[in-house]
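The values are calculated or read from the model by the stated rules, or taken from the named source; none is laboratory data. Computed from a prediction, not measured in an experiment: that's the story for all the values here. Ideal geometry is used to build each Cβ from the backbone, glycine not excepted, and the neighbour counts take in all protein chains shown. When the accessible area is computed, the model is the full protein with side chains, heavy atoms only, and any ligands, DNA or RNA have been set aside. Shrake-Rupley method; radii C 1.70, N 1.55, O 1.52, S 1.80 Å.
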Amino acid sequence: MHNKTITELSKALREREFSSVELTQSYLDRIKKHNALNSFITINEEMALEGAKVADTILANTNTNLLTGIPIAQKDIFCTQGVKTSCGSKMLDNFISPYNATVVENFNNAGAVMLGKLNMDEFAMGSSNETSFYGSVQNPWNTNCVPGGSSGGSASAVAARLTPAATGTDTGGSIRQPASFCGITGLKPTYGRVSRYGMIAFASSLDQAGPMTRSAEDAALLLQTMSGFDTKDSTSLDIPVPSYSASLNNNLEGLKIGLPKEFFSEGLNNDVAQTIESAINEYRKMGAEIKEVSLPHMKLSIPVYYIIAPAECSANLSRFDGVRFGYRCSEPKDLNDLYIRSRGEAFGDEVKRRILMGTYALSAGYYDAYYIKAQKVRRLISEDFKQAFAEVDVLMGPVSPSPTFGLGEKTADPIEMYLADIYTIAVNLAGLPAISIPAGFADEKPVGLQIISNYFTESHLLNIAHKFQQTTHWHQLSPKGFE
Amino acid sequence: MTLSTEQVKKIAYLARLGIDEKDVDTYARDLSNILDLMTQMSETNTDEVQPMAHPMDKKQRLRADAVLEISQRESFQSIAPQVDSGLYLVPKVLD
């Protein structure tokens, strides 16, 4: 049953082919069998089976949500009432959340069953899942390789069929890059589409939650549940949510696709480039028009992002002070010592580096030169997209310059890892929606095609992704040993 | 742009962030390398550009000043490192 799509599982549950309890148990068994992947931080066995039992009684009635009784797993960045919410950090290793994130609440209301909490880079800061306090995660396609990050546990678990679907968050590519590395579908919605309430904040003007699934069709179902206005999030936007499944099969004849030339310049791995080109050819066959466009300021997105994200992170992470929740050092001699040692002992290296960077960028005398300058260039990057969307409907290109790499291979130099975010972070700076879908392989490692569209056009993105998945088989392939 | 180890220690103190003495040089090097990346920005003229804080230039939404939440002090304090009589305890601040 673990190779079925959510739509198929939902139908099977309704037709009593198996119960939600049986389905949930089979996934729990798979999670335990493949625990070497380390994709889960917390397995929620007892609560999951209880939830499945409740779902089974609801399924006996009529008119249930399509997600009722479907197991899913949450990135450990979402607060889950009564369940440890660690955010991949020693700082929150003892944190049992007293409330649910809105995203979690939405899944609960739909009757979905939570299998557990997924591994991630500490506070979502990282591109390889190697900064997690709970250890690195394996990529099921090659267990010596990283799953990408920061939603690495989500991508690994979905690819290995340990859960039908998962949630992720994307601040600079953290849904799309691991989706690409693990050969799954990952959607980063428009900023403001999904509530950030109860989603532990990293960079508040960039963070956005989205679905990580095996197909665009499944992503549409998850996004439907996750989206919507939330008064508890002051950045949530009150814009109607369309039916994401309704437009999946729309015809793509005459679709105008732009290829930003900056996505295909130096630094892009040849095999990745070829894979992306053949994927774009599929769209050509469907009647799309392809033309080259330019995002002239895109190369500046790295410096801009690595000012804005650390600046916002240094402010957001000041709440972890050892006073009200989370880690506290032993026997602090005074209040300053309590702050300094609690934070020093509980934050990992990458988190510290970003807090230092952000604190510096916001400190007196440097604020204008770094933070304000970055905010200005951010606007130029965003304007580039506006101009591109005046000419074309969507943009396509790679997600990452190279496929997955070896565990430990890039941990020595943080800058090298930052530079690999070049194709994803401009999208966050502009607040646009984008999706990564499996497009083939480079050196036997999955490669994702990135599609970027205009604000609040997620249904178009899903339609374009779904049509590709109707004519290609990449998204259906399982990694060896996880069939 | 090079950050000195003294500057790194000062920033760490501003952030109330303990860092190991043995790591200070590495942080100084990493942060200096990151700051080198930033010089790319200065080549772009932004004199006429407004800073962008929100992707869609939306203003912060405000709500009426009314009580919406119920008090959950006990539940919140049950996960605190140290509490007493409904208060969060920290080392003595005043003598």
Need a quick list: helices (runs of 4 or more DSSP H) entirely within segment A:1-88 having at least 1 residues that are of a type in the set (A, V, I, L, M) and within 20 Å of A:M120 (Cβ to Cβ). A:20-33, A:45-60
Show the residue pairs meeting these rules: Cβ distance below 9 Å; 6+ apart or different chains; first residue within segment B:51-77 and facing another protein chain (nearest Cβ under 7 Å) and free of Cβ contacts under 8 Å to residues at least 40 places away in the same chain; second residue among the aromatic types (F, W, Y) and assigned to a loop (DSSP other than H, G, I, E, B). B:H54/A:Y191; B:P55/A:Y191; B:P55/A:Y455; B:M56/A:Y191; B:M56/A:Y455; B:Q72/A:Y99; B:S75/A:Y99; B:F76/A:F325
Tell me, yes or no, whether segment A:191-200 has at least one residue that is in contact with a Gly (Cβ under 6 Å, 6 or more places away or on another chain) and either surrounded by fewer than 24 Cβ atoms within 10 Å (Cβ to Cβ) or more than 18 Å from A:D76 (Cβ to Cβ) (or both). yes
Restricting segment A:311-333 to residues that are of a type in the set (A, V, I, L, M, F, W, C) and at the interface with chain B (Cβ under 7 Å from one of its Cβ atoms), the one most open to solvent (accessible area, probe 1.4 Å) turns out to be A:F325
If A:I425 passes every condition in (1) among the β-branched types (V, I, T); (2) open to solvent by 30 Å² or more (accessible area, probe 1.4 Å); (3) in contact with a Phe, Trp or Tyr (Cβ under 7 Å, 6 or more places away or on another chain) but one, which one does it miss? (2)
Within segment B:1-15, the count of residues that are at pLDDT 95 or above and either under 14 Å from A:V351 (Cβ atoms) or among the hydrophobic types (A, V, I, L, M, F, W, C) (or both) comes to 5
Conditions first: (1) crowded, with 16+ Cβ neighbours inside 10 Å; (2) within 9 Å of chain B (Cβ to nearest Cβ). A:E345 passes all but one, so which condition is the exception? (1)
Of (1) in a loop (DSSP other than H, G, I, E, B); (2) within 14 Å of chain B (Cβ to nearest Cβ); (3) in contact with a helix residue (DSSP H, G or I) (Cβ under 9 Å, 6 or more places away or on another chain), A:Y305 fails just (1)
Can you list the helices (runs of 4 or more DSSP H) found entirely within segment A:325-431 that contain at least 2 residues being at pLDDT 95 or above? A:335-346, A:349-362, A:373-391, A:425-430
Look at segment A:121-162 and say how many of its residues are outside any loop (DSSP other than H, G, I, E, B) and buried (at least 24 other Cβ atoms within 10 Å of the Cβ). 12
